[in-house]
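The values are calculated or read from the model by the stated rules, or taken from the named source; none is laboratory data. The structure displayed is predicted, hence computed values, not measured ones. Neighbour counts run over all protein chains shown; Cβ positions are idealised from the backbone, glycine included.
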Amino acid sequence: MAIKNFVIGGFREEPEIFEAVRKVRLSGYKLHDVYAPYPVHGLDEAMGLRGTSIHTAGFVYGLLGTLTALCGMGFCTAISWQLDIDGKPHFPLAAFIPITFELTVLFSSVGMVITYCWLNQMMPGVKKHLFHPRQTDDLFVVVIELTGKTTAAEVKAFFESLGAIDIGEQRAEAGWWYGNFAAPEPYQQTDMPREATVG
Amino acid sequence: MTPRLRNSCYGLVAIGIITLVAGAFGLGSMHFWATLLQDSLFFLLVSVALTLMLAAATLAQGSWQIAMRRVMEAIVMAVPVLGVIAFIIMMILVYGHKPLYLWTNVHALAADPRLRGKRPFLSPGFFTVFAVFMIAGWSLLGWRLRKLSLLEDQAPKGTTKYFWKAVIVSAIFAVFYAVTNTGSSWSWLMSLDPYWYSTLYAWYIFASTLVCSAAMLTLFVILLKHMGYLELVTREHLHTLGLWMFAFSIFWTYLWFAQYMLIWYGNIPEETTYFHIRLLGPYRAFFYLALIINFVVPFLALMSRDSKRKYASMTIMAIVVFLGHWLDFYMIVNPSTVGKAEGTWRLGWYEIGITAGFVGLLVLLVARSLARAPMYPRNHPFLKETVIHHTY
């Protein structure tokens, strides 16, 4: 993971972030993420995030479960130790279907949960940088990553023009880390959010 | 309805009538009667399953169905006609010409204690009364749902009185269907094999007709959309129909397999006869074909999101599922009658002609009902929700 420079802009109302996100994408700044206190419908489309492909992962896990079940039971009853049960064949497919079905569902569901957590960086013990203490309370926070082409002052002026009530520059870990709540290295906040200082 | 479509429908009905007349010359033919019974029951039960879909969507207060509710109501309004046709055919089979239902044969009844034991249920009197009860109930409740929907159109905007009345009628229908679905499949279809029985049979017929009704609705919706009606139906509604078809294809497979596996495991001669003629006898190819086009093809083809949102792929899949469950009904009726009597399968002009006649008749009936009302319920409380309906 990497330490990067960010400029954050806090907005008070939901419609404002749609407008902000649209302008950010038009202006070509690198949108890091948008944080909202609750799930905002349509924000993923506004941010231009692609549709999830977790279904494909689920299909692959399911296939893996099917193969595991059939190979496991087939090895036991048809290859390793053949038993004559009620005159049925050594590989009785019909008798295997329920267990195959269960294992398919199990593999696919557990695999999808783990993949979902991995993609959203939500494993137990995983920590992420909190850009603004009020981003889970009542503030909609748009975070722009500073690249070599942009300066902090420029982005701050941009947020100012959009009507952000809370603008700040931060140097922080972009990804997740494992451990306690403290960041791997203390991040610097070059200027405190105005409202935070007021109280 | 364009003149071209109407003429094709009259053409299809004409083919059906010609087949009917041609078959009537060979009245002794068991194949002809089996086809008539299969097709009439298939179209009747599928339309009744669509009534259940309408009732379930009303009860669950689903908003997606409002955009196509008039199409569903129009198909539901075909139930009385299809019911009368099926009833006439069954009455001929029970009282007049008796090649199909073994239990109507007095000599067979007298000779066999196993049939004598089932006499209260498998008797012409009970059969007739129960059939009248079921068909009349379906028709009346379906007609009531349609009536309430039309009354709602006339009511002032924002009226919820008729909506709640429709919820009550739907609840009554759901309970009524739970009993009559079991009763109809046992007395009309399972009694073709009077010695054999399966407690899962009613569920199996239910799943088959329900998925087929979704396919039928999809075909009607796509046809009407193509003709420029149904401006409220979008890809989101198509996606919902695709989900319905996908889910109930798997549900059908679940019940099909549950019935098959228990009989296979138990291996009791009395029970395995049903699968002996279908799986090991002359119907082997149809058996596997039905399984492939009713499970494997919808499962793989309808799994992805994109295929459920495209008109082309949904049309193809709806046709495949519809034909697949037609074949399923063929596999229910034909082996028990023609297969048992003649030792071989028969599939030919009777099937094609009679099915074409029923398709033409159904399209004409639906078009007639559709023309009598606006294409969507104008005053339904969920009208806005169906316009902004979104499927993930």
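Criterion first (among the hydroxyl-bearing types (S, T, Y), surrounded by 12 or more Cβ atoms within 10 Å (Cβ to Cβ) and away from every other protein chain (no Cβ under 14 Å)) does A:T150 satisfy it?
yes
Determine whether B:A78 is surrounded by 17 or more Cβ atoms within 10 Å (Cβ to Cβ) and without any contact (Cβ under 8 Å) to a residue 40 or more places away in the chain.
no
Out of the residues in the range B:253-279 meeting the condition of being free of Cβ contacts under 8 Å to residues at least 60 places away in the same chain and within 30 Å of B:T218 (Cα to Cα), tell me which one is farthest from the other protein chains (Cβ to nearest Cβ).
B:L255
With respect to B:V320, is the statement that it is in contact with a Pro (Cβ under 9 Å, 6 or more places away or on another chain), in a helix (DSSP H, G or I) and more than 14 Å from chain A (Cβ to nearest Cβ) true?
yes
Name the residues in the range B:200-229 that are under 19 Å from B:L383 (Cβ atoms) and surrounded by fewer than 22 Cβ atoms within 10 Å (Cβ to Cβ), would you?
Within the range B:200-229, B:L224, B:K225, B:Y229 qualify.
Do we have B:F246 as crowded, with 21+ Cβ neighbours inside 10 Å, within 14 Å of chain A (Cβ to nearest Cβ) and either under 18 Å from the mean Cα position of the chain (by Cα) or closer than 17 Å to B:V48 by Cα (or both) here?
Taking the combined requirement at face value, the residue satisfies it.
The rows are residues; the columns are (1) outside any helix (DSSP H, G or I); (2) within 27 Å of A:L93 (Cα to Cα).
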site	(1), (2)
B:L262	no, yes
B:F275	no, yes
B:A285	no, yes
B:I293	no, yes
B:P298	no, yes
B:L347	yes, no
B:I352	no, no
B:V366	no, no
B:R372	yes, no
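One residue is enough: does the range B:81-95 have a residue meeting the conditions surrounded by fewer than 21 Cβ atoms within 10 Å (Cβ to Cβ), within 30 Å of B:G242 (Cβ to Cβ) and in contact (Cβ under 8 Å) with a residue 40 or more places away in the chain?
yes
Residue-by-condition table, conditions (1) aromatic (F, W, Y); (2) within 29 Å of B:F251 (Cβ to Cβ); (3) modelled with pLDDT under 90:
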residue	(1), (2), (3)
B:F121	yes, yes, yes
B:F130	yes, yes, no
B:Q154	no, no, yes
B:T159	no, no, yes
B:K165	no, no, no
B:Y195	yes, yes, yes
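If a residue must be surrounded by 17 or more Cβ atoms within 10 Å (Cβ to Cβ), of a type in the set (G, A, S) and away from chain B (no Cβ under 14 Å), how many such residues does the range A:47-73 contain?
2
Keeping to the range A:106-139, report how many residues are away from chain B (no Cβ under 14 Å) and either in contact with a Leu (Cβ under 9 Å, 6 or more places away or on another chain) or in a loop (DSSP other than H, G, I, E, B) (or both).
Of the residues in that region, 19 qualify.
Please find, within the range B:120-135, the residue that is surrounded by the fewest Cβ atoms within 10 Å (Cβ to Cβ) out of those that are in contact (Cβ under 8 Å) with a residue 24 or more places away in the chain and among the aliphatic types (A, V, I, L, M).
So, considering only residues that are in contact (Cβ under 8 Å) with a residue 24 or more places away in the chain and among the aliphatic types (A, V, I, L, M), the one surrounded by the fewest Cβ atoms within 10 Å (Cβ to Cβ) is B:V132.
Return only the number of the condition from (1) away from chain A (no Cβ under 12 Å); (2) assigned to a helix (DSSP H, G or I) that B:L230 does not satisfy.
(2)
Just to be sure I understand, how many residues within the range B:121-171 are in a helix (DSSP H, G or I) and closer than 19 Å to B:M91 by Cβ?
Adding up the residues that qualify gives 16.
Please find, within the range B:240-259, the residue that is farthest from B:L291 (Cα to Cα) out of those that are touching a helix residue (DSSP H, G or I) at 6+ places or on another chain (Cβ under 7 Å) and aromatic (F, W, Y).
Ranking the qualifying residues of the range B:240-259, first place goes to B:W244.
Any idea which of (1) modelled with pLDDT of 90 or more; (2) under 25 Å from A:P37 (Cβ atoms); (3) surrounded by 12 or more Cβ atoms within 10 Å (Cβ to Cβ) is the one A:S108 doesn't satisfy?
Against the list (1) modelled with pLDDT of 90 or more; (2) under 25 Å from A:P37 (Cβ atoms); (3) surrounded by 12 or more Cβ atoms within 10 Å (Cβ to Cβ), A:S108 comes up short only on (2).
Hey, can you tell me all the residues within the range A:78-105 that are within 12 Å of chain B (Cβ to nearest Cβ) and not in a helix (DSSP H, G or I)?
A:I85, A:D86, A:G87, A:K88, A:P89, A:P92, listed by residue number.
Within the range A:5-12, identify whether any single residue is more than 22 Å from A:G175 (Cα to Cα) and part of a helix (DSSP H, G or I), and answer yes or no.
Scanning the range A:5-12, I find no residue that is more than 22 Å from A:G175 (Cα to Cα) and part of a helix (DSSP H, G or I), so the answer is no.
Name the single residue that is nearest to the other protein chains (Cβ to nearest Cβ) among those in the range B:280-290 being surrounded by fewer than 16 Cβ atoms within 10 Å (Cβ to Cβ) and of a type in the set (A, V, I, L, M).
Within the range B:280-290, the match that is nearest to the other protein chains (Cβ to nearest Cβ) is B:L280.
Inspect the range B:291-313 for any residue being away from every other protein chain (no Cβ under 14 Å), under 30 Å from B:A24 (Cα atoms) and of a type in the set (A, V, I, L, M) and give the result as yes or no.
Within the range B:291-313, none of the residues are away from every other protein chain (no Cβ under 14 Å), under 30 Å from B:A24 (Cα atoms) and of a type in the set (A, V, I, L, M).
Could we say that A:D138 is under 26 Å from A:K23 (Cβ atoms), exposed (fewer than 15 other Cβ atoms within 10 Å of the Cβ) and not hydroxyl-bearing (S, T, Y) here?
It is true that A:D138 is under 26 Å from A:K23 (Cβ atoms), exposed (fewer than 15 other Cβ atoms within 10 Å of the Cβ) and not hydroxyl-bearing (S, T, Y).
Residue pairs, Cβ under 7 Å, 6 or more apart or interchain, first in the range A:52-66 and assigned to a helix (DSSP H, G or I), second at pLDDT 95 or above and among the small types (G, A, S). List them.
Taking only residues 6 or more apart or on different chains, the pairs are A:A57/A:G111; A:G58/A:S108; A:G58/A:G111; A:Y61/A:S108; A:Y61/A:G111; A:G62/A:S108; A:G65/A:S108.
Which residues, taken from the range A:1-22, are closer than 13 Å to A:A164 by Cα and in contact with a Leu (Cβ under 8 Å, 6 or more places away or on another chain)?
Matches in the range A:1-22: A:V7, A:G9, A:G10, A:F11, A:R12, A:E16, A:I17, A:F18, A:E19, A:A20, A:V21.
Would you mention how many residues in the range B:1-13 are touching a residue at least 24 places away in the same chain (Cβ under 8 Å) and either surrounded by fewer than 15 Cβ atoms within 10 Å (Cβ to Cβ) or under 23 Å from the mean Cα position of the chain (by Cα) (or both)?
Of the residues in the range B:1-13, 9 are touching a residue at least 24 places away in the same chain (Cβ under 8 Å) and either surrounded by fewer than 15 Cβ atoms within 10 Å (Cβ to Cβ) or under 23 Å from the mean Cα position of the chain (by Cα) (or both).
Quick check on my filter: what residues within the range B:39-57 are polar (S, T, N, Q) and either surrounded by fewer than 24 Cβ atoms within 10 Å (Cβ to Cβ) or in contact with a Gly (Cβ under 8 Å, 6 or more places away or on another chain) (or both)?
Result: B:S40, B:T51.
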